[in-house]
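In what follows, a single structure is set out as structure tokens and then discussed.
Here, each number is a calculation from the coordinates, and none is a lab measurement. Fair warning: this is a prediction, and the values are worked out from it, not measured in the lab. Cβ placement follows ideal geometry from the backbone for every residue including glycine, while neighbour counts extend to all protein chains displayed.
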Amino acid sequence: MTQSTLSPRKWKKLLKQADNGNAEAQNTVGCYYYADGFKNKKGDLIVEPNLILSQQYHRLAAKQGNLSSQEALGVLLSDLGSTTKDIAEAINWLELAIQQDSAMAAHNLGCIYRDFGKLKKAYRYYKKAAKMGDTNAYLTMGLCLYFGIGIKSNVHKAATCLKTLIQTDPKSTYQRSRENAYYWLAIIRLKHTAKTNVARKMLEIANADDDHEQANDLLNIIGKSSYRISP
């Protein structure tokens with residue numbers, strides 16, 4: 001069943017399954033329907049959005065070990081702008097999700113500790129997320145190592161993290177994470193090795209779509225490949 005095919009009859013059936021203890025149905029009800037509500041193609045309201053009910057069904061599923069609901073509760077309950085935030089409960093669900101090998105939960109838990117100023121603990125969870133397969137976390141780790149946030153500054157290790165990200169399959173990383181990894185590697189080259197040509201290539205990769213303002217600003221200073229002419 002998909003959102004586009006939901007009818008009042010199918011909604012009642014799904015809701016009954018959830019109320020009868022089906023964890024997958026509970027997750028679907030909480031995540032896809034009560035979270036945002038649902039209207040059919042005619043614009044008829046089938047499900048009214050209800051954040052409280054969304055969380056209630058997520059809890060029912062999460063208690064049965066549903067990973068998706070555990071991850072969702074970790075995000076919903078840690079939203080500092082939400083009236084239903086509960087940081088302690090969010091951490092509890094994320095820890096349970098981590099026990100099910102959720103790299104996403106590990107990274108999100110690191111972000112929670114970051115927001116509360118527990119930077120060393122945040123770094124440990126970023127590292128855990130990376131080891132669990134979240135290759136995007138290598139960007140966060142690299143910046144922490146470069147600037148000494150939550151861990152002692154180490155430029156070499158920072159560069160290694162950034163290289164690890166860009167050497168992985170592009171399908172497993174966000175494009176912006178890869179662009180930022182190239183950008184910060186270029187910064188390291190410019191500041192610590194004076195390898196301007198290498199840095200230029202990295203900045204041009206970061207700004208390949210002409211959407212990385214910082215990389216473009218630096219290219220306008222050191223010169224783009226097309227600008228170079230024979231003396």
Subset of region 68-85, residues crowded, with 21+ Cβ neighbours inside 10 Å and in a helix (DSSP H, G or I), comes to Ser69, Gln70, Glu71, Ala72, Leu73, Gly74, Leu76
For region 10-28, check the following and say yes or no: at least one residue is touching a strand residue (DSSP E or B) at 6+ places or on another chain (Cβ under 8 Å) and within 28 Å of Asp101 (Cα to Cα). no
For region 118-147, give me each residue that is farther than 14 Å from Leu165 by Cα and surrounded by 18 or more Cβ atoms within 10 Å (Cβ to Cβ). Ala122, Tyr123, Tyr125, Lys128, Cys144, Leu145, Tyr146
Kindly list the number of the only condition in (1) in a loop (DSSP other than H, G, I, E, B); (2) over 18 Å from Ala23 (Cβ atoms) that fails for Gly65. (2)
Going by the conditions given, is Ala88 closer than 30 Å to Cys111 by Cβ and surrounded by 13 or more Cβ atoms within 10 Å (Cβ to Cβ)? no
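Taking the options Ser78, Ser69, name whichever one is within 18 Å of the chain's Cα centre (by Cα) and in contact (Cβ under 8 Å) with a residue 40 or more places away in the chain. Before you say what the answer is, go through the steps one by one.
Working: Ser78 fails: in contact (Cβ under 8 Å) with a residue 40 or more places away in the chain.
Criteria check complete, one pass: Ser69.
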Meets criteria (touching a strand residue (DSSP E or B) at 6+ places or on another chain (Cβ under 9 Å) and more than 23 Å from Gly133 (Cβ to Cβ)) for Ile52: no
